[in-house]
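The structure appears below as structure tokens.
The values are calculated or read from the model by the stated rules, or taken from the named source; none is laboratory data. Everything numeric in this text was worked out from a predicted model, so none of it was measured. Neighbour counts run over all protein chains shown; Cβ positions are idealised from the backbone, glycine included.
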Amino acid sequence: MDQNVINNIKSLGVDMIKEAKVGHPGIVLGAAPILYTLYTKHLNISLNDPNWINRDRFVMSAGHGSALLYAVLYMVGYLNLDDLKSFRQIDSKTPGHPEFKQTPGVEVTTGPLGQGLATSVGLALGEKILESKYKLATNNSLFNKEKSLFDYRIYCLCSDGDLMEGISYEAASLAGSWQLNNLIVLYDSNNVSLDGKTEGVFDENIRARFEAMGWNTLLVSNGNNIDAISKAITKAKESSKPTLIEIKTIIGEGTSLAGTNDVHGKVLSDADMMMLKKSFDFPEDPFYVIPNIEKYVQREISLRTSPLYSAWANIYREYAEKTDLHYNEFDYIYNKYTDYKLDEKHFNINTGEPEELRKINQIVLNRIALDLPYFISGSADLYGSAKNYLDNYGDLSKKNYLARNIHFGVREHVMGAIANGLSLTGFKINISTFLAFSDYLKPSLRLSALMHLPVIHVFSHDSITLGSDGPTHQPVEQLAMLRSIPNYYVYKPCDFKEVIGCWNEIINTHDHPSGLIINKTKVLPLENTSVEKVKLGAYIVRKEKERLHGIIVATGSEVHIALRIANKLYNQYKLDLRVVSMPCMELFKEQSLEYREEILPKGIRVVVIEFGSSSDWYQFVYGEKYLINVNEFGYSGSTDDILKKMNLDNDSLLNRVKNIFM
């Protein structure tokens, strides 16, 4: 029966691709035995409760193999035939690459190769944290060790292409260091990529490389041998290390193109489809299903997993009785922080001494950590610079999964992907690096937005005022890049009150990631800034005294500059300018038209001051001359010298604004 199911999975997969006229049949035909073995013999899921919080997670890192995954999910009962027939069609449950929340049974949005594997490391780390937190001694006969409420594994199918991407090795290195033995990677090793054989571009000994990073590795030489695959998975589950199982397969097996790159992403010909169906002894009709085959698969899974699900429910009740635990404690699994609010009374704001915004931010972060036990910080070797370290909460390691500071080393890209995995587990996580290095984590950051994950990116060192570090470290275009990402919100506070206001918005956000831009500038709280008004995205911090002549819009520490300019121009020339702080452009654009026109009235000239690219700001001004921004790379030198060279020093800015309005 095993082979019949595998053949039916293959048949449905290539039928989907044929119907859609696009897809990747090679992996469907080569890797079907791997997924069949995993789902029927090892993956602990509940057919009746797909969101069971202690389920094993499967991640299809080789996302181009989505047709294979969907065919398996049909057998499991999460999809129906109509879903398969609408493969790659608008609004279907079966998009071209797996998408979180779009398809039952899909845990992670994967597409860019390597992302799924890297996010799997975050999922595995998340489980380790939960497992450590919810330990429980039990005599339940199904478990042979001290039991936790959480004891699930992360399985990931990856391809040669996944392992060519550098992010995979950033991820694997950390997984080995953290000893994530709950992570099992199934490597579909067929030595073929889209352009041809991998020989000459991917020749290293992959298993030796993973072993050097602290992994256990296994080899299955025949990808059709489900007994060998199953034994390898069983052995991996017994390891004290993460495991890579290399499974040798033949891409496009059973077709005339088997073993070649032509079958990687090319729809099978009619002749190949006929040959394949004939070898399976299937009719040529598309979407043929052996009668009751899916019921057989579901029965096999249920016989194995139902006792485990029931045992977990008993353990949960045992834990709840001993701890007076209620199920809603697990609301964090879905990031359901609601109505969390900080205000000025929580902090000593008016000290009379200017303070760096990044240090102010650390004070607020530590207050949040005190209130929210599932709040975690991470940094790409820049805690000392970005100042997002949580005091008194320790450093996470293989010996201490309950610490709340994660050292990622110099690995921005995988930091973003692991943060996505932790967010998918339910943690509220903020990660930090320099704003200029946001480019390194852009692919992972984009997937945060695509998955609607409330990951928080803290970016420090936000402008050319960094000075002597030079243009390599001075961001110019990065703010515009971040603001251009759909479903991504950029916050740039100007003082202590706005930092608090930004965090009130960020913590209560559940459906999009946020970027918090924090710099080294020392500032005092401004008189008219507001914790509450941050939620409006933009508001007036200096109202015109008599007649409104114009408006200056600024962000971050540039708000202080704008206020000095406005006050000087009024005192010297009676030029009456309104100053607007815009800590979050995205929030402002969500406000009513009436409010937006109240802040920026039609017919009134607007000048923007922000030390970054001008490309975001044309929507608010009448022309380029009203934009005081930075559209060139910086220089290496003192801050004062750089600002003077770029006509951004105080005197130059005063004259530029005066010449615009007078």
Candidate set: the range 347-386, residues that are closer than 27 Å to Glu558 by Cα and among the aromatic types (Phe, Trp, Tyr); chosen: the one modelled with the lowest pLDDT: Phe347
Test: residue in the range 590-612 that is without any contact (Cβ under 8 Å) to a residue 60 or more places away in the chain, touching a Gly at 6+ places or on another chain (Cβ under 8 Å), under 27 Å from Gln474 (Cβ atoms) and assigned by TED's automatic domain parsing to the domain that holds Arg656: yes
Taking the options Leu68, Leu35, Leu79, Leu12, name whichever one is part of a loop (DSSP other than H, G, I, E, B) and either assigned by TED's automatic domain parsing to the domain that holds Gly265 or within 22 Å of Asn420 (Cα to Cα) (or both). Leu79
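Yes or no, residue by residue, for (1) assigned to a helix (DSSP H, G or I); (2) of a type in the set (Lys, Arg); (3) closer than 16 Å to Ser173 by Cβ:
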residue: Leu370; (1), (2), (3): yes, no, no
residue: Pro373; (1), (2), (3): no, no, no
residue: Asp381; (1), (2), (3): no, no, yes
residue: Leu390; (1), (2), (3): no, no, no
residue: Val414; (1), (2), (3): yes, no, yes
residue: Gly421; (1), (2), (3): yes, no, yes
May I ask you to list the residues in the range 209-235 that are within 27 Å of Asn7 (Cβ to Cβ) and of a type in the set (Val, Ile, Thr)? Val220, Ile226, Ile229, Ile233, Thr234
Out of Val541, Val579, Val559, Val553, I need the residue that is more than 27 Å from the chain's Cα centre (by Cα), outside any loop (DSSP other than H, G, I, E, B), buried (at least 23 other Cβ atoms within 10 Å of the Cβ) and free of Cβ contacts under 8 Å to residues at least 40 places away in the same chain. Which one? Val579
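Every residue, every condition in (1) buried (at least 21 other Cβ atoms within 10 Å of the Cβ); (2) at pLDDT 95 or above, yes or no:
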site	(1), (2)
Ile429	yes, yes
Arg446	no, yes
Val458	yes, yes
Asp462	yes, no
Thr472	no, no
Ile485	no, yes
Tyr489	yes, yes
Asp495	yes, yes
Residue ID - farthest from Tyr169 (Cα to Cα), chosen from residues in the range 259-284 that are without any contact (Cβ under 8 Å) to a residue 40 or more places away in the chain, out of contact with any Lys or Arg (no Cβ under 9 Å at 6 or more places or on another chain) and part of a loop (DSSP other than H, G, I, E, B): Asp281
Residue under question is Met1, and the condition is that it be under 19 Å from Pro286 (Cα atoms) and of a type outside the set (D, E, K, R); does it hold? no
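Does Val523 satisfy being more than 24 Å from Tyr374 (Cβ to Cβ) and either under 24 Å from the mean Cα position of the chain (by Cα) or buried (at least 17 other Cβ atoms within 10 Å of the Cβ) (or both)?
Yes, satisfied.
Criterion first (in the same structural domain as Gly214 (by TED's automatic domain parsing), touching a Lys or Arg at 6+ places or on another chain (Cβ under 7 Å) and surrounded by 19 or more Cβ atoms within 10 Å (Cβ to Cβ)) does Glu107 satisfy it?
yes
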Residue in the range 224-234 that is β-branched (Val, Ile, Thr), surrounded by fewer than 17 Cβ atoms within 10 Å (Cβ to Cβ), within 30 Å of Ala118 (Cα to Cα) and touching a residue at least 24 places away in the same chain (Cβ under 8 Å) present: yes
Just wondering, is there one or more residues in the range 428-445 that are closer than 30 Å to Lys241 by Cβ, in a helix (DSSP H, G or I), touching a residue at least 40 places away in the same chain (Cβ under 8 Å) and out of contact with any strand residue (DSSP E or B) (no Cβ under 9 Å at 6 or more places or on another chain)? yes
Only helices (runs of 4 or more DSSP H) wholly contained in the range 588-662 count here; list those with 2 or more residues that are farther than 25 Å from Val534 by Cβ. 639-645, 650-661
Looking at Arg564 and the list (1) over 36 Å from the mean Cα position of the chain (by Cα); (2) surrounded by 15 or more Cβ atoms within 10 Å (Cβ to Cβ); (3) at pLDDT 95 or above; (4) not polar (S, T, N, Q), which single condition is not satisfied? (2)
Answer from Glu624, Glu590 - the residue that is among the acidic types (Asp, Glu) and at pLDDT 95 or above: Glu590
Report yes if Leu548 is part of a helix (DSSP H, G or I), assigned by TED's automatic domain parsing to the domain that holds Asn655 and in contact with a strand residue (DSSP E or B) (Cβ under 9 Å, 6 or more places away or on another chain), otherwise no. no
Could you please find all residues in the range 92-135 being among the hydroxyl-bearing types (Ser, Thr, Tyr) and assigned to a loop (DSSP other than H, G, I, E, B)? Ser92, Thr94, Thr103, Thr109, Thr110, Tyr134
From Thr472, Thr529, grab the single residue that is more than 25 Å from the chain's Cα centre (by Cα), of a type outside the set (D, E, K, R) and under 26 Å from Glu353 (Cβ atoms). Thr529
For residues in the range 193-202 being hydrophobic (A, V, I, L, M, F, W, C) and modelled with pLDDT of 90 or more, which is surrounded by the fewest Cβ atoms within 10 Å (Cβ to Cβ)? Val201
For the range 413-424, does any single residue satisfy the condition of being modelled with pLDDT of 95 or more, β-branched (Val, Ile, Thr) and under 13 Å from the mean Cα position of the chain (by Cα)? yes
Residues (in contact with a strand residue (DSSP E or B) (Cβ under 6 Å, 6 or more places away or on another chain) and acidic (Asp, Glu)) located in the range 552-598: Glu558, Glu586
Please verify whether the range 418-427 includes one or more residues that are within 18 Å of Phe459 (Cβ to Cβ) and among the hydroxyl-bearing types (Ser, Thr, Tyr). yes
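Tell me, which helices (runs of 4 or more DSSP H) lie completely within the range 147-212 with 2 or more residues that are more than 20 Å from Phe408 (Cβ to Cβ)?
160-164, 206-212
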Say whether the condition of being surrounded by 14 or more Cβ atoms within 10 Å (Cβ to Cβ) and under 15 Å from Val553 (Cβ atoms) is met by at least one residue in the range 631-644. no
Scan the range 471-485 residue by residue and report those that are out of contact with any helix residue (DSSP H, G or I) (no Cβ under 6 Å at 6 or more places or on another chain), in a loop (DSSP other than H, G, I, E, B) and closer than 18 Å to Cys584 by Cβ. Ser484
